[in-house]
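Q: Below is the structure I would like to discuss, written out as structure tokens.
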């Protein structure tokens with residue numbers, strides 16, 4: 001009777017361990033498939049966000065109407081308006 005009880009406990013522990021291993025394998029497969037799906041999506045290229053004037057906003061460029069060009073305001077000032085002569 002005692003031997004039978006030990007054998008059942010060992011089989012129970014093995015079944016729990018087998019269930020855990022199977023669960024880990026399933027989780028690994030799901031994570032692998034998610035990585036594949038996310039990796040295969042079409043990401044937007046960095047720096048490919050030009051506005052209507054062709055200025056790249058993520059690089060800090062804004063359109064200066066007075067100078068009629070894209071510029072980084074910390075590098076070059078954009079006057080409010082061109083003085084009339």
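The values are calculated or read from the model by the stated rules, or taken from the named source; none is laboratory data. Everything numeric here is computed off the predicted structure, so don't read it as measured data. As a convention, Cβ positions derive from the backbone with ideal geometry for all residues, glycine included, and neighbour counts pool all protein chains shown.
For (1) at pLDDT 80 or above; (2) touching a strand residue (DSSP E or B) at 6+ places or on another chain (Cβ under 6 Å); (3) assigned to a helix (DSSP H, G or I), each residue gets a yes or a no:
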{"site": "3", "(1), (2), (3)": "no, no, yes"}
{"site": "13", "(1), (2), (3)": "yes, no, yes"}
{"site": "19", "(1), (2), (3)": "yes, no, yes"}
{"site": "29", "(1), (2), (3)": "yes, no, yes"}
{"site": "62", "(1), (2), (3)": "yes, no, no"}
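Q: Among the listed residues 52, 76, which satisfies the condition of being surrounded by fewer than 10 Cβ atoms within 10 Å (Cβ to Cβ) and at pLDDT 90 or above? Before you say what the answer is, go through the steps one by one.
A: Working: 76 fails: surrounded by fewer than 10 Cβ atoms within 10 Å (Cβ to Cβ).
Every option except 52 fails the conditions.
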